[in-house]
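Asker: Structure provided below as structure tokens; questions to follow.
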Amino acid sequence: MEKILEVKDLFVNFYTYRGIVRALNGINLTLNKAESVGLVGESGCGKSATAKSIINLVDSPGKIEGGHIYFRGKDLLTLSSPELKKIRGKQISFIFQEPKKALDPTSKVGDQLIEAIQIARSVSKKEAAKICPEILSQVGLADFQRVMKSYSFELSGGMAQRIMIGMAICGSPVLIIADEPTSALDVSVQAQIIRLLDELAKRYHSSLILITHDLGLAAENCEKIAVMYAGNIVEFGTVEMVFGNTAHHYTKGLLDSLPTLEAKELFTIPGMVPDLIYPPPGCRFSTRCSSKKTACCENFPALKELEKGHFVSCFYPIAGKDR
């Protein structure tokens with residue numbers, strides 16, 4: 001299978017007035033053609049920082065300090081700005097978390113969509129305008145005339161997100177990165193947006209990175225899962241491996257936290273994600289793990305392969321009989 005994306009030993013720091021936030025601590029991630037990966041974990045674990053690093057758009061005062069990001073064999077971190085522009089929006093598309101903030105409120109939606117098509121397909125403004133009805137139809141917006149003349153604040157959250165998805169797919173991208181695409185939407189619209197995103201990724205044979213807090217959403221719509229904690233991927237594998245044969249204590253904690261009909265009270269993982277200005281020595285989850293031992297507090301556990309395709313960063317992974 002063709003390898004589309006390979007992230008190797010990625011380090012990202014944010015230089016704040018309080019000190020250096022060590023946001024990403026040696027991320028490794030591989031994605032194949034037409035494959036979908038769910039990036040899950042609590043807030044502050046580095047999911048969005050990972051996604052933005054892939055397109056080299058880390059927010060200030062952040063800085064990529066080391067590593068490689070290979071996209072179809074090219075290291076994106078070594079490319080010039082003009083070279084990156086040929087990839088962003090064309091071969092790699094990014095769907096932001098809050099569509100109404102990503103869209104320009106002072107410009108009509110139609111003008112923004114036309115501009116996105118021009119960039120993605122290298123066509124004239126007139127040709128781009130002719131393509132708009134087709135794109136809007138694909139994302140389920142039939143009232144073409146009204147949508148094109150509207151401003152983003154005149155649209156519902158679901159409609160605005162459909163516009164963002166339309167912009168993302170207008171260049172038939174090789175990779176789509178969706179950063180919490182349903183977080184600002186009500187429950188009734190969330191399923192529609194995720195279903196639409198999945199259908200379009202399959203239609204264009206695009207690879208998909210879905211960033212979400214919702215483990216159920218990731219399990220239903222992704223083939224593989226990468227669990228992130230405090231700037232590290234702590235478990236990676238197929239949905240069946242990660243959720244059915246859980247090896248990391250943090251992953252188990254996330255799954256145990258899911259509400260069930262039988263549960264009388266909700267389980268919570270004790271403590272909080274550590275301050276990454278002063279991360280704990282050794283395993284970053286050691287401060288919250290009930291199974292920690294001396295080695296966990298002294299040394300950092302490398303990502304190792306438990307079984308073919310199933311990786312875990314833990315000195316004492318959960319034994320098969322206890323999963």
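Values quoted throughout were computed directly from the atomic coordinates according to the rules given, and no laboratory measurement underlies them. Keep in mind that what you see is a predicted model, and the values were worked out from it rather than measured. Backbone-built Cβ (ideal geometry, glycine too); neighbour counts: all protein chains shown.
Asker: Run down the aspartates and glutamates and flag those whose C-alpha is under 17 Å from the C-alpha of LYS264, throwing out any fewer than 8 positions away in its chain.
Answerer: ASP256
Asker: Give me the distance between the Cα centres of region 43-121 and region 281-309, rounded to whole Å.
Answerer: After rounding, the separation between the Cα centres reads 32 Å.
Asker: For a quick protection proxy, order the peptides 208-216, 134-142 by their average other-Cβ count within 10 Å, most packed first.
Answerer: 208-216, 134-142
Asker: Of the listed peptides 239-251, 5-17, 156-168, 265-277, what is their order by residue-averaged count of other C-beta atoms within 10 Å, with the highest listed first?
Answerer: 156-168, 239-251, 5-17, 265-277
Asker: Please work out the Kirkwood hydrodynamic radius for the chain, using every pair of different C-alpha atoms, and report it in angstroms with one decimal place.
Answerer: Result for the chain, one decimal place: 20.8 Å.
Asker: Normalise the Cα radius of gyration of region 241-323 by 2.2 N^0.38 Å (N = residues in it) and let me know the number.
Answerer: In units of the 2.2 N^0.38 Å rule of thumb, it is 1.17.
Asker: Once the mean 1/r over all distinct Cα pairs of region 166-323 is inverted, what Kirkwood radius in angstroms do you read off?
Answerer: One decimal place: 17.4 Å for the Kirkwood radius.
Asker: While we're looking at this one, here's another question. How large are Rg and Dmax for region 26-87 when calculated on the C-alpha trace, in angstrom?
Answerer: For region 26-87, the Cα radius of gyration and maximum Cα-Cα distance read 12.5, 35 Å.
Asker: Among 29-37, 79-87, how do they line up from the highest to the lowest mean number of other beta-carbon atoms within 10 Å?
Answerer: Final packing ranking: 29-37, 79-87.
Asker: Would you calculate a helix-derived [θ] at 222 nm for the chain, using -39,500 (n - 2.57) for each DSSP H run of n ≥ 4 and dividing by the full residue count, to the nearest 500?
Answerer: Mean residue ellipticity, 222 nm, calculated: -9000 deg cm²/dmol.
Asker: Here's a follow-up. Angle, helix 109-121 long axis vs. longest principal axis of the chain, Cα atoms, 0 to 90°, nearest 10?
Answerer: So the inclination is approximately 80 degrees.
Asker: In straight Cα distance, which lysines are under 18 Å from LYS308, not counting same-chain residues fewer than 8 positions off?
Answerer: Cross-link targets: LYS3, LYS224.
Asker: Same structure, new question: Out of residues 5 or more away from ILE233 or on other chains, whose amide H comes under 5 Å of its own, with H placed 1.01 Å from N in the peptide plane?
Answerer: ASN28
Asker: Net charge around LEU84, counting only other residues with Cβ within less than 11 Å of its Cβ (Lys, Arg = +1; Asp, Glu = -1)?
Answerer: +4
Asker: Counting just the Cα atoms, what span does region 68-161 cover along each of its three principal axes? Round to the nearest Å and put the largest first.
Answerer: Principal-axis extents of region 68-161 (Cα, largest first): 43, 29, 24 Å.
Asker: Check cross-link reach from LYS90 to the aspartates and glutamates: straight Cα distance under 14 Å, and skip same-chain residues fewer than eight apart.
Answerer: GLU115
Asker: ³J(HN,Hα) across region 126-135 via Karplus (A = 6.51, B = -1.76, C = 1.60, θ = phi - 60°), whole Hz, x for Gly/Pro?
Answerer: Going residue by residue, I get 5, 5, 5, 4, 5, 7, 3, x, 5, 5 Hz, with x marking Gly and Pro.
Asker: Hey, rough spin-label estimate for ASP9 and SER124, points 7 angstrom out along Cα→Cβ, what's it come to in nanometres?
Answerer: 5.1 nm
Asker: While we're here: Relative to the longest principal Cα axis of the chain, at what angle does helix 157-169 sit, 0 to 90 degrees, rounded to 10?
Answerer: Relative to the chain, helix 157-169 is tipped by roughly 90 degrees.
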